[in-house]
Ligand SMILES: C[S@@+](CC[C@H](N)C(=O)[O-])C[C@H]1O[C@@H](n2cnc3c(N)ncnc32)[C@H](O)[C@@H]1O
């Protein structure tokens, strides 16, 4: 089951790999693209136009996915509803994979402006964070073929602790957690959370994270440059963050280049 499947890039690929896939999205236009691509590939995918807050499948799926920062589009109650719907749609023992920002680290490296260039086209993100709602608001502008379109959106950001509690409340428990798609283990410094949660009916929710995933703060390793320097005044060096697109719709193609007017290229 793919929640918010968009134009079907994951669904179509998974079907080509031999899986039986149902994709749900609210945007009819994306589903049309998904269906056309599936047709061209000669594959059959079940696409349904539906709001993920209103999905009512019950114990039908072995796996559920919700990818590319597609969680957190609603108010807190409705975001939770999405997780409940995911949990209900899974069979016992089923797995749910989704990816989202790690709020703790997102805020440490908050970028108010991000510009992504592709040829002559531009995507300009203007971000503000509202700590009352936990949402990052993006007044996105896309300039494509010389035409400007406003595409504002917000995403609710969660920290790992909140996310664990929310999943548990929905009947899911964190099974694995990574910081990127190369399966790099999650640490407190990870910008993203790639979470695999498991539906385990009747089982007590386990603690998270497993011991090896704890990151213990280390004392600064910097040594004084001269004997006149007082070691106590040294600050830990923050490794300079790489500028990356930090919005959910970053392009998958490597052909995009990135500049940030505030923080440099
Ligand atoms: C960032 S895109 C990701 C699409 C897809 N997961 C991917 O990785 O290509 C977010 C998707 O969420 C869908 N979406 C937004 N609100 C939705 C809702 N209430 N119910 C279902 N899908 C929704 C959008 O139509 C869009 O396809």
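The table for this structure:
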item	result
Any hit, segment 187-203, residues being surrounded by fewer than 17 Cβ atoms within 10 Å (Cβ to Cβ), touching a strand residue (DSSP E or B) at 6+ places or on another chain (Cβ under 9 Å) and part of a strand (DSSP E or B)	yes
Selection status of residue 95, part of a strand (DSSP E or B), over 22 Å from residue 164 (Cβ atoms) and more than 16 Å from the ligand (Cβ to nearest atom)	no
Members of segment 70-103 found to be within 19 Å of residue 187 (Cα to Cα) and surrounded by 18 or more Cβ atoms within 10 Å (Cβ to Cβ), listed by number	98, 99, 100, 101, 102, 103
Among the residues listed as 163, 177, the single one being surrounded by 12 or more Cβ atoms within 10 Å (Cβ to Cβ), modelled with pLDDT of 95 or more and in a helix (DSSP H, G or I)	163
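Conditions tested, residue by residue: (1) farther than 19 Å from residue 69 by Cα; (2) part of a strand (DSSP E or B); (3) without any contact (Cβ under 8 Å) to a residue 60 or more places away in the chain.
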{"site": "111", "(1), (2), (3)": "no, no, no"}
{"site": "115", "(1), (2), (3)": "no, yes, no"}
{"site": "124", "(1), (2), (3)": "no, yes, yes"}
{"site": "129", "(1), (2), (3)": "no, yes, yes"}
{"site": "132", "(1), (2), (3)": "yes, no, yes"}
{"site": "136", "(1), (2), (3)": "no, yes, yes"}
{"site": "149", "(1), (2), (3)": "yes, yes, yes"}
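The values are calculated or read from the model by the stated rules, or taken from the named source; none is laboratory data. On a predicted model such as this, the values are computed, not experimentally measured, just so you know. Here the Cβ is made from the backbone with ideal geometry for all residues, glycine too, and neighbour counts use every protein chain on show.
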